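Visitor: Before I ask anything, let me first share the structure, which is written out below as structure tokens.
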Amino acid sequence: MSETRDLSYWQARAAALRPQSRAYIGGAWTDAADGATFDTINPATGAVLAKVAACGAADVDRAVAAARQAFEQGVWSGLAPRERKAVLLRLAALIEAHHEELALLETLDMGKPIGDTLAYDIPEAARTFAWYAEAIDKIYGEIAPTGGNVLATITREPLGVVAAVVPWNYPLLMGSWKVAPALAAGNSVILKPAEQSPLTALRLAELAAEAGIPPGVFNVVPGLGAQAGQALGLHPDVDCIAFTGSTATGKRFMEYSGQSNLKRVWLECGGKSPHIVFHDCPDLERAAQAAAIGIFNNQGEICIAGSRLYVQRAIYEPFMEKLEAYAGAMQPGDPLDPSSAMGAIVDARQLDRVMSYVDGGQREGARLRLGGERVRKDTGGYFLQPTIFECPSQSLSIVREEIFGPVLAVTMFDTEDEVVRMANDSPYGLGSGLWTANLSRAHRASRRLRAGLVWVNCYMDGDITVPFGGVKQSGSGRDKSLHALDKYSDLKTTWIRLE
Ligand code: NAD
């Protein structure tokens, strides 16, 4: 008889975990050169999970040297794509084989429900590695349409050393979206996980070694942003930074690049995504459920969270009642309980930040319609109720700024022109969504929305086949799909005169 995966099962497995806490550089596990560590905590209890190596500039130097050496030796970059494919498929299979352990690590380190890490984060990470593995030996170069006495080839070449700096909201998955295409393209890679959530990145390094990725080709340097992250950004021998995180840090990486070697910088930054429900919405029930999941899933710590909701006047009150019912059902619970719909906010600092917006919203004149209270305080963890504000003005901080927590700002609107104008009135341009049964309106409004992603009659759907990224201050370049490979390869032109 199979074991039941209930709260007590996960608690028992959690108690038995001994997570890896050292850096992985040049194929070896190592402490930081100066012996420094940082605490990674369990946001559901406040307890320290592990003391993790806090890499600094000296460790980053070692990682870059190992990555460069592996690249120049061609132990990975020189393999036939089908050989890289075989190794990356093994890695995908190992992620799948260890999916329960990885899901547990992610849940403990970051506070999201175990049901989500099992159903989404870890399987998606495995699929990402498998997808780029499968793709890479099917990509051809080009021959340019030149005159008859010339052969001009256009080939794709790996960049060299790619550094991926990622956030804490989907630690393994955000890492995988960068590491998988960068490795598939033949680069050496250094991954710097966020200091709040380093544990799955370190486990990934163990699995990568087991899969047969040669020493130096994949390195993990846990550490603080202002130390390890900055050292990677400023390093003269890093060819590319693939970053996901806040817009403020993204701006810093562009500065680091300008101050050093003009390394390529690809940015997946913040968002304040508008989610619009027109009066002719084909299914108010589904739209209300999608609006609730769109902001409260992952505790609202999602870059594409539909954090600005616009509802047309004719359906406003009936829609809000349905939304409240779905939101009210998403109360935070123990992240290790498979029935929890929401978990804990990642740390005390982030909870304080989110609470300051809850207070600010009330001060600035928004009407608190649901939630707004910390709960489960006795656990020592950082839990907040799903929170809904009705907003009389677009100038409120809760409408304009990314909160990155379970706080929804709702505005009533009258016309299509008005709502498109309000939706686009933001420094961000990542996700967006609209619900309408009118085909012309769907096309018209989705063209007018300035965003990298538009969902029509759904929200946050998608898979690895489509590009993911934003416009304006939400970033540049795209993760996922074959387009992600553009970030990790250069085009080389070879012009051959034929005598
Ligand atoms: P963050 O910018 O604070 O940190 C992201 C990464 O950058 C971490 O690894 C951190 O250590 C590092 N970092 C921080 N300060 C640094 C510095 N001065 N120099 C170099 N590196 C530094 O972001 P976060 O709080 O971890 O994540 C939340 C943000 O991520 C939100 O703004 C969210 O919208 C964004 N995000 C965007 C996407 C996307 O695809 N567009 C996806 C997920 C999250």
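Visitor: Considering segment 129-148 alone, what residues qualify as being more than 15 Å from residue 183 (Cα to Cα), open to solvent by less than 60 Å² (accessible area, probe 1.4 Å) and of a type outside the set (Val, Ile, Thr)?
Guide: 141, 144, 147
Visitor: Test each condition in (1) open to solvent by 40 Å² or more (accessible area, probe 1.4 Å); (2) within 16 Å of the ligand (Cβ to nearest atom); (3) in a loop (DSSP other than H, G, I, E, B) for residue 483 and report the one that comes out false.
Guide: (3)
Visitor: Okay, moving on. So, in segment 192-226, exactly how many residues are surrounded by 23 or more Cβ atoms within 10 Å (Cβ to Cβ), within 12 Å of the ligand (Cβ to nearest atom) and in a helix (DSSP H, G or I)?
Guide: Here the count works out to 1.
Visitor: Which residues, counting only those in segment 266-290, are crowded, with 21+ Cβ neighbours inside 10 Å and more than 30 Å from residue 395 (Cβ to Cβ)? So that I can check it myself, show each step before the final result.
Guide: Of all residues in segment 266-290, those crowded, with 21+ Cβ neighbours inside 10 Å come to 266-278, 281, 287-288, 290.
266 - this is the single residue of segment 266-290 that is crowded, with 21+ Cβ neighbours inside 10 Å and more than 30 Å from residue 395 (Cβ to Cβ).
Visitor: Does residue 281 count as over 25 Å from residue 444 (Cβ atoms) and in contact (Cβ under 8 Å) with a residue 40 or more places away in the chain? Before the answer, list the steps.
Guide: On the way: over 25 Å from residue 444 (Cβ atoms): no; in contact (Cβ under 8 Å) with a residue 40 or more places away in the chain: yes.
It is false that residue 281 is over 25 Å from residue 444 (Cβ atoms) and in contact (Cβ under 8 Å) with a residue 40 or more places away in the chain.
Visitor: Using the structure shown, decide if residue 154 is part of a loop (DSSP other than H, G, I, E, B), more than 22 Å from the chain's Cα centre (by Cα) and either surrounded by fewer than 24 Cβ atoms within 10 Å (Cβ to Cβ) or among the acidic types (Asp, Glu) (or both).
Guide: On the way: part of a loop (DSSP other than H, G, I, E, B): no; more than 22 Å from the chain's Cα centre (by Cα): yes; either surrounded by fewer than 24 Cβ atoms within 10 Å (Cβ to Cβ) or among the acidic types (Asp, Glu) (or both): yes.
The answer is no for residue 154.
Visitor: Kindly list, by first and then second residue, each pair from a residue in segment 177-191 that is open to solvent by 10 Å² or more (accessible area, probe 1.4 Å) to a residue that is part of a strand (DSSP E or B), limited to pairs with Cβ atoms under 6 Å and residues at least 6 apart or on different chains.
Guide: Partner pairs satisfying both residue conditions: 177/479; 185/158; 185/489.
The rows are residues; the columns are (1) over 26 Å from residue 162 (Cβ atoms); (2) open to solvent by 50 Å² or more (accessible area, probe 1.4 Å); (3) among the acidic types (Asp, Glu); (4) part of a loop (DSSP other than H, G, I, E, B).
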| position | (1), (2), (3), (4) |
| --- | --- |
| 60 | no, no, no, no |
| 76 | no, no, no, yes |
| 85 | no, no, no, no |
| 93 | no, yes, no, no |
| 101 | yes, no, yes, no |
| 109 | no, no, yes, no |
| 115 | yes, no, no, no |
| 127 | no, yes, no, no |
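Visitor: If you scan segment 1-35, which residues turn out to be farther than 15 Å from residue 118 by Cβ and among the hydrophobic types (A, V, I, L, M, F, W, C)?
Guide: If the condition is that a residue be farther than 15 Å from residue 118 by Cβ and among the hydrophobic types (A, V, I, L, M, F, W, C), then 1, 12, 15, 16, 17, 23, 25, 28, 29, 32, 33 are the ones that fit.
Visitor: Taking the residues in segment 301-335 that are of a type in the set (D, E, K, R), over 27 Å from residue 475 (Cα atoms) and touching a residue at least 60 places away in the same chain (Cβ under 8 Å) as candidates, determine which candidate is most open to solvent (accessible area, probe 1.4 Å). Even if it seems obvious, please write down each step before you answer.
Guide: So in segment 301-335, the residues of a type in the set (D, E, K, R) come out as 301, 308, 313, 317, 321-322, 324, 334.
Checking which are over 27 Å from residue 475 (Cα atoms) leaves us with 313, 317, 321-322, 324, 334.
Then drop every residue that is not touching a residue at least 60 places away in the same chain (Cβ under 8 Å), which leaves 313, 324, 334.
On the way: 313: 137, 324: 49, 334: 39 Å².
Among those that are of a type in the set (D, E, K, R), over 27 Å from residue 475 (Cα atoms) and touching a residue at least 60 places away in the same chain (Cβ under 8 Å), it is 313.
Visitor: Related question: Where in segment 227-338 are there helices (runs of 4 or more DSSP H), lying wholly inside it, with at least 3 residues that are under 25 Å from the mean Cα position of the chain (by Cα) and within 10 Å of the ligand (Cβ to nearest atom)?
Guide: Once the helices (runs of 4 or more DSSP H) in segment 227-338 are filtered for at least 3 residues that are under 25 Å from the mean Cα position of the chain (by Cα) and within 10 Å of the ligand (Cβ to nearest atom), what remains is 230-234, 247-259.
The values are calculated or read from the model by the stated rules, or taken from the named source; none is laboratory data. Computed from a predicted structure; not experimentally measured. Neighbour counts run over all protein chains shown; Cβ positions are idealised from the backbone, glycine included. The protein model used for the area step is the full one, side chains on, heavy atoms only, and it has no ligands, DNA or RNA in it. Shrake-Rupley method; radii C 1.70, N 1.55, O 1.52, S 1.80 Å.
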